[in-house]
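Notes follow the structure.
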Amino acid sequence: MSTVLVLNSGSSSLKYQLVDPAPGDALAAGIVERIGEASGRASHEVRGARTVREGAVADHGAALRLVLELFEETGPSLGEAGVVAVGHRVVHGGTSFSAPVVVDDDVVAAVRDLIPLAPLHNPANVTGIEVARELLDVPHVAVFDTAFFADLPAPAATYAIDRGTAAEHGIRRYGFHGTSHEYVSRAVAEHPAVTAKLAAEGRGPETLRQVVLHLGNGASASAVLGGRAVETSMGLTPLEGLVMGTRSGDVDAGIVFHLIRSGLSPDEVDTLLNKRSGLLGLGGVNDMRELTRLIESGDDDARLALDVYLHRLRKYVGAYAAVLGGIDVLAFTAGVGENAAHVRAGVVEGLGFLGLGVVPDLNAARARESRVISPTEPEAPARPLVMVVPTNEELAIARQSLAVLAAR
Ligand SMILES: Nc1ncnc2c1ncn2[C@@H]1O[C@H](COP(=O)(O)OP(=O)(O)O)[C@@H](O)[C@H]1O
Ligand SMILES: CC(=O)OP(=O)(O)O
Ligand SMILES: [Mg+2]
């Protein structure tokens, strides 16, 4: 057996999966949370059996050592599981990386140089890679969130600011969550309902127009034409675009200058927009489940937070339908997109003029497979499909890691 250990190091967490890429099975998965805080927690799951460890975890190095201990204690042993590679999610690849690469010292240095463009994510990615290379003597592969968007058309990737300044500082729209947008848009294109729709309309796969909504803690939208990304909502950093758990998404840049001139430091404004805004800033909680409970208890702030969140989403879907010249599939993915039926219903509400709509029973059903939740033929032959498509960034990273190693 050849397996891949996939590491997704976040600012205060380490998520991991041991993946058997051929069947696509996760042999083990877990998360170490609240790294660096007094109350750390690790949860390790093997075939439905969960082991939990509470207690402070000093840094990402300690987190990875704890994960390796959990594997040794509860299995599967990494030695016996045939780990042939470690795949790392790296959030910002800048202009240096448009595809996965085998990690060497130069790659680590380049990812470190990009820290100013992804201050929440790249520091943890660098630490994760450094510690894992010390502890696990197999090839390490970096898979970049930005890669799927490396070829965005120039009008979508370019900010309308002075060209010389933009070039000097690497300012362009990079886009993030690309591994998920690529995985989901490919799953959509291969889905029988989608291939049947194209065949019925006498169209080739290169004409398929998708809008993918990745709604997790971080959230982003993409427009995908024939498998190629042509627009995305995140920009130079993962702050732009949709309303997120703790991030504002789009704001007037004038707000930044106004706050700085009013006495806040640049770092304080950064923290405000990245960590104290979004659903948390408006509704008091960043978790969609908690926000929904607050709304049900009559909380007006929580209600407004969700209304702002949905309004932004509807604006983006409409804008991306314009970019694509129409829409064939609207796909929801990630924690909120896969689980929150009321969010999906709220997004399509008011977008009936684009032909978008959901069947309440299909929308409310719970399933782990990709599925269509809009009215199906013969009721609505020419209308776009609304779909729920579970993402699997870890499987995608594992497969891409093996592909890079096979091509060496
Ligand atoms: N059953 C559910 N109903 C509504 N929201 C959910 C549900 N399960 C998870 N979520 C939401 O998904 C979000 C986390 O998504 P996830 O994709 O795991 O994020 P990340 O990878 O950024 O940590 C949280 O806001 C959480 O509330
Ligand atoms: C890029 C990004 O926002 O990632 P996450 O959703 O994991 O924070
Ligand atoms: Mg995620």
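Some observations on this one:
- Residue that is nearest to ligand 1 (Cβ to nearest atom), among those in region 272-290 that are over 9 Å from SER248 (Cβ atoms) and crowded, with 16+ Cβ neighbours inside 10 Å: MET288
- Residue match in region 202-216 (condition: of a type in the set (S, T, N, Q) and open to solvent by 70 Å² or more (accessible area, probe 1.4 Å)): no
- If you go through region 371-408 and pick out every residue that is part of a loop (DSSP other than H, G, I, E, B) and surrounded by fewer than 20 Cβ atoms within 10 Å (Cβ to Cβ), you end up with 12.
- Qualifying residue in region 291-312 (condition: within 29 Å of ALA193 (Cα to Cα), among the charged types (D, E, K, R), open to solvent by less than 70 Å² (accessible area, probe 1.4 Å) and in a helix (DSSP H, G or I)): yes
- Close pairs (9 angstrom Cβ cut-off, 6 or more residues apart or separate chains): of a type in the set (D, E, K, R) in region 370-398, at pLDDT below 95 and within 16 Å of ligand 2 (Cβ to nearest atom) anywhere: GLU393/ASN8; GLU394/ASN8; GLU394/LYS15
- Answer from LEU291, LEU236, LEU208, LEU215 - the residue that is touching a residue at least 12 places away in the same chain (Cβ under 8 Å), closer than 22 Å to VAL329 by Cα and away from ligand 3 (no atom under 16 Å from the Cβ): LEU208
- Criterion (under 27 Å from HIS311 (Cα atoms), within 16 Å of ligand 1 (Cβ to nearest atom) and among the aliphatic types (A, V, I, L, M)) met by exactly one of ALA229, ALA223, ALA219, ALA253: ALA219
- Output for region 4-25, where each listed residue is away from ligand 3 (no atom under 15 Å from the Cβ) and at pLDDT below 95: ASP20, PRO21, ALA22, PRO23, GLY24, ASP25
- Scanning region 86-108 for residues being away from ligand 3 (no atom under 16 Å from the Cβ), within 22 Å of ARG173 (Cα to Cα) and open to solvent by less than 40 Å² (accessible area, probe 1.4 Å) gives a total of 6.
- Options SER98, SER185; residue that is within 18 Å of ILE397 (Cα to Cα) and in a helix (DSSP H, G or I): SER185
- Per-region count, region 16-35, residues in contact (Cβ under 8 Å) with a residue 24 or more places away in the chain and closer than 19 Å to LEU68 by Cβ: 11
- Within region 217-237, the set of residues being open to solvent by 50 Å² or more (accessible area, probe 1.4 Å) and assigned to a strand (DSSP E or B) comprises LEU225, ARG228.
- Number of positions in region 132-171 that are within 16 Å of ligand 2 (Cβ to nearest atom) and open to solvent by 30 Å² or more (accessible area, probe 1.4 Å): 2
- All positions within region 41-58 that are of a type in the set (Val, Ile, Thr) and assigned to a strand (DSSP E or B): VAL46, THR51, VAL52
- Yes/no for ARG247 being within 16 Å of ligand 1 (Cβ to nearest atom) and either closer than 19 Å to ASP145 by Cβ or of a type in the set (A, V, I, L, M) (or both): yes
- Annotation: of all residues in region 31-40 being in a strand (DSSP E or B) and among the aliphatic types (A, V, I, L, M), the one that is least open to solvent (accessible area, probe 1.4 Å) is VAL32.
- Residue ID - farthest from the chain's Cα centre (by Cα), chosen from residues in region 217-240 that are of a type outside the set (Ser, Thr, Tyr) and within 12 Å of VAL184 (Cβ to Cβ): GLY227
- Residues that are more than 20 Å from SER77 (Cβ to Cβ), part of a strand (DSSP E or B) and not hydroxyl-bearing (Ser, Thr, Tyr) within region 1-30 comprise ASN8, LYS15, listed in sequence order.
- Output for region 239-275, where each listed residue is among the polar types (S, T, N, Q) and either without any contact (Cβ under 8 Å) to a residue 40 or more places away in the chain or not in a helix (DSSP H, G or I) (or both): THR246, SER248, SER262, SER265, THR271
The values are calculated or read from the model by the stated rules, or taken from the named source; none is laboratory data. Everything quoted here is computed from the prediction, not taken from an experiment. Cβ sites come from the backbone with ideal geometry, for glycine too, and all protein chains shown count toward neighbours. When the accessible area is computed, the model is the full protein with side chains, heavy atoms only, and any ligands, DNA or RNA have been set aside. Shrake-Rupley method; radii C 1.70, N 1.55, O 1.52, S 1.80 Å.
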